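Asker: Below is the structure I would like to discuss, written out as structure tokens.
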There are 2 protein chains.
Amino acid sequence: MGRRLSMMLATACWLAILGSDARLSCLAQTKTLAERLGYPADARLVIVHADDLGMTHSINAATTKALATGLVNSGSIMVPCPWLLEIATYARSNPQADLGLHLTLTSEWKNYRWGPVMPKDKVATLLDNTGYLYLTESEAASRASVTEIESEIRSQIERARKLGIQPTHLDSHMGTLYQTKELFEMFLRVARENKLPVRLSKDMFGRLTFLPSIMQPTDVAIDQIVTIDQRVPAEEWTKYYSDALKALPPGVTEFVIHLAYDDEEMKAVTVEHPNWGAA
Amino acid sequence: MGRRLSMMLATACWLAILGSDARLSCLAQTKTLAERLGYPADARLVIVHADDLGMTHSINAATTKALATGLVNSGSIMVPCPWLLEIATYARSNPQADLGLHLTLTSEWKNYRWGPVMPKDKVATLLDNTGYLYLTESEAASRASVTEIESEIRSQIERARKLGIQPTHLDSHMGTLYQTKELFEMFLRVARENKLPVRLSKDMFGRLTFLPSIMQPTDVAIDQIVTIDQRVPAEEWTKYYSDALKALPPGVTEFVIHLAYDDEEMKAVTVEHPNWGAA
């Protein structure tokens, strides 16, 4: 949480949000989230967040290196994935790291897939006909029962804690839990019970019009989330992020990024998905 | 099945054993297995078999390359592992490939683990307290119920077939199914019902003294299995295999090997196991 460039541009993280009084009166808006984090009202605060920890060794290696160098200051973990124990070991050794859970209801790659944490027969609506989690978030949201999704995300949180991971926030792999009002209400309810903030920003309110009506005063919404569109080619990534930083509005902005090494493992995982294949 | 060097040294494979009349009267020994495969009684037949397909991308890539070049002529697949679908795609595209199932009841690496194909609550005795399969074959054999192991290996066979894999033989990852007479009897029974030979050789009879008493006339035993000891250092591997070939007795010998690229994925999988870490 070093302050960079000036008082007007600094880094935030979910651990700070979790630990501050930021969670009080978010909707009442008597103070901005930046103020509640101890900054001027018009400060520009940045969270640089890496998703998908636990999915592959390559992602774990690239992201933990980026956490060490400060390139990213937050990340989230996919509990059902094969490399979970590697990142759990990291989390136990680095309790200061701002690591949340990237709750996972999809298994999106052609040749490399995973199933649920729950026993498969208890969450049968979460699985496609191969016995893995669905390939897409729309299948997951339309075919899986909300009750079974709730059981599964509770199991993911429980398994993470059992492994010594102390999550600082919750988000949703491929946004499955943001697909319907019913899913998001359940997600918020589980998050509140676990006393954890969810990835939620005010710039979602236009698209997810149900959001304000189901939020409670203790729910935190940051101001903006920036995620690069998959169609932006690699040679334009630098310009994309540079432009986004120049246009940064006051408040808390989370840049959601995906780090991995461009190695044989990741090339094989991302086969037939060239736009996600680069380091 | 190209014949190499001379009529006296040739390659065999499980597909040939499965497809021939080799499975008749194995114990009666009116003819040797070599003869039943169409070779002289004293021919030296070699199966070079790569285990652990499906475990990692690196193993899949190295082994399918070795199958293409003829370095190995047989392999077996671990159904519960993360990279199963990649090798299933290969198996569907290469129906002539001699691929069996490496039935899997253990998950032996520190940071990279997997669970059963069956719903976890149906095979709870197969899991350690992390919810994955046991780290060692001795834990699996001593703690898991034989009934639940039977359900799990039947599920592994069923899932493989559903994915278009037509297994030519069955063997057992880390030898779990060879640990007790009760387990091996069940293994043979499942194999017979599926009309598949199991990895079984006459040179096991000294160590597994229960074997001859539970074999039936249709069970095939090859003559010898050669597996390198984990303690043999990498610089002595060439000498080890060269010596084994020079001393090759008549009959069918299977060399069981483990292929992978010495890349970042495999280094991370085999962390803390230096003797399994090389390509």
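The values are calculated or read from the model by the stated rules, or taken from the named source; none is laboratory data. Keep in mind it's a predicted model, so treat the numbers as computed, not measured. So basically every Cβ, Gly included, is an ideal-geometry build from the backbone, and we count neighbours across all protein chains shown. Heads up: the accessible areas ignore ligands, DNA and RNA and are worked out on the full protein's heavy atoms, side chains in. Shrake-Rupley method; radii C 1.70, N 1.55, O 1.52, S 1.80 Å.
Asker: Per residue of A:262-268, what is the mean number of Cβ atoms on other protein chains within 10 angstrom of that residue's Cβ?
Answerer: Mean shielding by partner chains, rounded to a whole number: 5.
Asker: If the elastic network links every pair of Cα atoms under 10 Å, which of B:L71, B:L259, B:L105 fluctuates the most in the Gaussian network model of chain B?
Answerer: B:L71
Asker: Here's a follow-up. Counting heavy atoms of the protein chains only and a 1.4 Å probe, report the per residue accessible area for the protein assembly as shown as a whole number of Å².
Answerer: 41
Asker: Quick one: accessible surface of A:S142, probe radius 1.4 Å, all protein chains present, in square angstrom to the nearest 10.
Answerer: Only protein atoms counted, so the area is about 90 Å².
Asker: Among A:I257, A:I153, what's the order by accessible area (1.4 angstrom probe), most exposed first?
Answerer: A:I257, A:I153
Asker: Rounded to the nearest 0.05, what FRET efficiency do B:N194 and A:K110 have when you use their Cβ-Cβ distance and R0 = 35 Å?
Answerer: That pair, B:N194 with A:K110, gives E of 0.80.
Asker: Another question about this same structure. Extending each Cα 7 Å along its Cβ direction at B:T218 and B:E158, get the distance between those two points in nm, one decimal.
Answerer: Going by the 7 Å Cα→Cβ label model, 2.2 nm.
Asker: Here's something else I'd like to know. Under the definition of partner shielding as Cβ atoms of other protein chains within 10 Å of a residue Cβ, what is the mean value for peptide A:108-119?
Answerer: Taking all residues of A:108-119 together, the mean is 5.
Asker: Then there is this: For the stretch B:178-247, what is the convex hull (Cα atoms) projected area averaged across all directions, in square nanometres?
Answerer: 5.9
Asker: Let me ask something else. Which residues make up the longest stretch of chain B that has no chymotrypsin sites (Phe, Trp or Tyr not before Pro) in a DSSP loop with at most 15 other Cβ atoms within 10 Å?
Answerer: B:1-204
Asker: Using the Kirkwood formula over every pair of different C-alpha atoms, what hydrodynamic radius in Å results for the stretch A:35-162?
Answerer: For the stretch A:35-162, the Kirkwood estimate is 15.9 Å.
Asker: Separate question: Could you work out the relative contact order of chain B, using alpha carbon pairs under 8 angstrom and six or more residues apart, expressed as a whole percent?
Answerer: 23
Asker: Once the piece of chain linking B:E235 and B:K31 is laid out straight, how much longer is it, given 0.36 nm per residue of separation minus the C-alpha distance between them?
Answerer: Full-extension gain reported as 69.5 nm.
Asker: Where the label is 7 Å out from Cα toward Cβ, how close does B:F210 come to the same position in every other copy, in nm, shortest first?
Answerer: List, nearest first: 5.7 nm.
Asker: Given label points at 7 Å from Cα along Cα→Cβ, what nm distances, shortest first, separate A:T69 from the same residue in every other copy?
Answerer: 3.4
Asker: Looking only at trypsin sites (Lys or Arg not before Pro) in DSSP loops with at most 11 other Cβ atoms within 10 Å, what is the longest site-free stretch of chain B?
Answerer: The longest such stretch corresponds to B:1-194.
Asker: Total Å² of accessible surface buried at the B-A contact, 1.4 Å probe, nearest 100?
Answerer: 2500
Asker: Would you kindly work out, in nm and rounded to one decimal, the distances from the label point of A:Q96 to those of the same position in each other copy, ordered shortest first, with label points 7 Å along Cα-to-Cβ?
Answerer: Spelled out, the distances from A:Q96's label point are 6.1 nm.
Asker: Over the stretch B:43-102, with a single point scatterer placed on each C-alpha, what log10 of the ratio I(q)/I(0) does the Debye formula yield at q = 0.20, 0.22, 0.23 1/Å?
Answerer: For the stretch B:43-102, the Cα-only Debye profile gives -0.65, -0.78, -0.85.
Asker: Here's something else I'd like to know. A:K122: which aspartates and glutamates have alpha carbons under 15 Å from its alpha carbon, excluding same-chain residues fewer than 8 sequence positions away?
Answerer: A:E148, A:E150, A:E152, B:D121
Asker: What is the diffusion coefficient of chain B in µm²/s, taking the Kirkwood radius over Cα pairs and the Stokes-Einstein relation at 4 °C with a viscosity of 1.567 mPa s?
Answerer: 67
Asker: With the crude spin-label approximation of a point 7 Å out along Cα→Cβ, what separation in nm comes out for B:I228 versus A:H258?
Answerer: Modelled inter-label distance: 3.8 nm.
Asker: Please give the contour-minus-distance gain from A:K181 to A:Q166: 0.36 nm per residue of separation, less the Cα-Cα distance, rounded to one decimal in nm.
Answerer: 2.6 nm
Asker: How high is the relative contact order of the stretch A:168-255, in percent, with contacts defined as C-alpha pairs under 8 Å that are six or more residues apart?
Answerer: Worked out over the stretch A:168-255, it gives 26 percent.
Asker: Same structure, new question: Taking R0 as 45 Å, what FRET efficiency do you get between B:D128 and A:A68 from their Cβ-Cβ distance, rounded to the nearest 0.05?
Answerer: 0.90
Asker: May I ask for the net charge around B:R199, where only other residues with Cβ less than 9 Å from the Cβ of B:R199 are counted and Lys, Arg are +1 while Asp, Glu are -1?
Answerer: Surrounding charge for B:R199 is -2.
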